[in-house]
């Protein structure tokens, strides 16, 4: 290659960025549903992710059955927690986002304390199946097999989620509830039930992301805060209610986080927020578009 930056040394960080970005997207997809569909600011979303992560740490023993059990248990537990949050928000859902933020922040604090009390303050180890515990050759580099499999699974989940929102009757009702909740109610469908269902599904997505992402972002006392912060960043950058925009934003965030460390380690901690500031400054000059789940 001619003079300049060689791409080959940065292949592994770039792949890490894809894996990291897809993990953030799967976690943030539930927050997109909360914002774009239910109109709820759920600051307990990171705690739902942590539920999945701790479930994975508790159940994974290096075998495939334990991975399947952890995925089911983590998804169900986080979905139930999401439905509980929806129940707590029943009377405050129509109020200001400040009320929602205060209530869900309290839930996040209580949930975090319960998780630490149950699993301890130390970061627990996570064991993946032996077949995924090694590395494979990728263009002359060794790369963790689990992360490659995760990239494929997360991409599949992203595609299925897009189809579910855009092509199914449930997705149509959800999108209709964004535009005209009164019309949906006139059709005999309760917007409150849709809201509870959306928060339960959002919680399930966060729990599944926590289980699948536990070997990448291990469960710990700061996991919930980190995931919530990154999820809020990609939801804001991608546009409220936009799945496609959130996916692109998550992939960009993943690359900024990983390639930034490789290319400019001294400024890496500031690159994400600098990019966010630029995007928000540009978007502030653009005309507002209606909020829609896509």
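Some notes on this structure:
- The fewest-to-most ranking of 105, 270, 119, 150 by surrounding Cβ atoms within 10 Å reads 270, 105, 119, 150.
- Anisotropy class of the stretch 58-182 from Cα gyration tensor, a/c 1.5 cut: oblate
- Its relative contact order, with pairs defined as Cα atoms under 8 Å and 6+ residues apart, puts the chain at 39 percent.
Since every read-out is calculated from the coordinates, none of them should be taken as a lab result. Small disclaimer: the values here were computed from a predicted structure and weren't measured. Neighbour counts are summed over all protein chains in view; Cβ atoms, including those assigned to glycine, are modelled from backbone coordinates with ideal geometry.
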